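All remarks here apply to the structure that follows.
The values are calculated or read from the model by the stated rules, or taken from the named source; none is laboratory data. Computed from a predicted structure; not experimentally measured. No Cβ is skipped: glycine too gets one built from the backbone with ideal geometry, and neighbour counts run over all protein chains shown. To get the accessible areas, we keep the full protein, side chains included, count just its heavy atoms, and leave off ligands, DNA and RNA. Shrake-Rupley method; radii C 1.70, N 1.55, O 1.52, S 1.80 Å.
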Amino acid sequence: MRALERPTGERFWTEDTSWVELVPSIAVPSNSAKGEQVAVYLRLPEDARITQEGSELRLPPGTEIDRLEWVGRGAKRSLADVRGTRIDAEGVAWDHTLRRKRLAPDTALTGFEWRAGDPEAQVRGTQALIERASELPPAKKLQGEKLERYLAGIEHKNECSR
C-alpha cells in the first residue's frame, strides 16, 4: 500500500490531455438525484491499444482509469471521491481511492493505493482511508452517530471487488 496525493484536484484529469473522459451511452450511477455528478477518465500509454479476448477487454500495462464523483452545485460543486485502478508495467492492477482534503471546489485530494485482488491489502487500504477521512472535512464537523454513519459509508463504498 502507498499514499497518494493529487494537489491539483480535478484539474489532474481535466487539464492533462493524456486523460480522456469516457462518455457512456447510459448514465453512470450516482448517489445524487440532482443531475450528472460522475465521470470516468482513462489514460493509456502512448501507442497502446485495448484488446479483446472473448468477451473481456484487456487493458495494457500503464493504463489508468478513474471514476470521479462530485457533490454540490454551481460554485459549490467539488470533487469528493475518486476510485480507480492503475495497471503497472508488469501488468499488476492497483486499486485506489482518493478523498478531498477540504470542503471547497478544486481542492487537493488524498488517499491510498493497494494491490487489486488482495483482500488483506483491501482491508488495510480501507482502514487507512477511514483514518485519514476522519481527520478531514466533512468528518471533522461530525460527531457521534453521524460520524459513524459517514465513516461506515466510506468503508462500504470501498469494497472495490463488488
Q.
Looking at the structure I just gave you, is Val28 at pLDDT below 95, touching a Pro at 6+ places or on another chain (Cβ under 9 Å) and either over 17 Å from Glu155 (Cα atoms) or crowded, with 17+ Cβ neighbours inside 10 Å (or both)?
A. no
Q | In segment 83-111, residue nearest to Leu44 (Cα to Cα) [restricted to those that are of a type in the set (Ser, Thr, Tyr) and assigned to a strand (DSSP E or B)] | A | Thr85
**Q.** Sole residue being surrounded by fewer than 16 Cβ atoms within 10 Å (Cβ to Cβ), aliphatic (A, V, I, L, M) and not in a loop (DSSP other than H, G, I, E, B), chosen from Ala75, Ala48, Ala80
**A.** Ala75
Q: Can you tell me which residue among Leu98, Leu109 is closer than 23 Å to Ala27 by Cα, open to solvent by less than 10 Å² (accessible area, probe 1.4 Å) and modelled with pLDDT of 90 or more?
A: Leu98
Q.
Go through (1) exposed (fewer than 14 other Cβ atoms within 10 Å of the Cβ); (2) not in a strand (DSSP E or B) for Pro60 and report which single condition fails.
A. (1)
(Q) Please verify whether Thr63 is under 26 Å from Ser134 (Cα atoms) and of a type outside the set (Phe, Trp, Tyr), treating the condition exactly as stated. (A) no
Q | Residue tally, condition polar (S, T, N, Q), part of a loop (DSSP other than H, G, I, E, B) and either surrounded by 11 or more Cβ atoms within 10 Å (Cβ to Cβ) or in contact with a Cys (Cβ under 9 Å, 6 or more places away or on another chain) (or both), over segment 1-25 | A | 2
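This table checks each residue for (1) within 18 Å of Ile65 (Cβ to Cβ); (2) buried (at least 17 other Cβ atoms within 10 Å of the Cβ); (3) in contact with a helix residue (DSSP H, G or I) (Cβ under 7 Å, 6 or more places away or on another chain).
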{"site": "Ala89", "(1), (2), (3)": "yes, no, no"}
{"site": "Lys140", "(1), (2), (3)": "no, no, no"}
{"site": "Gln143", "(1), (2), (3)": "no, no, no"}
{"site": "Leu147", "(1), (2), (3)": "no, no, yes"}
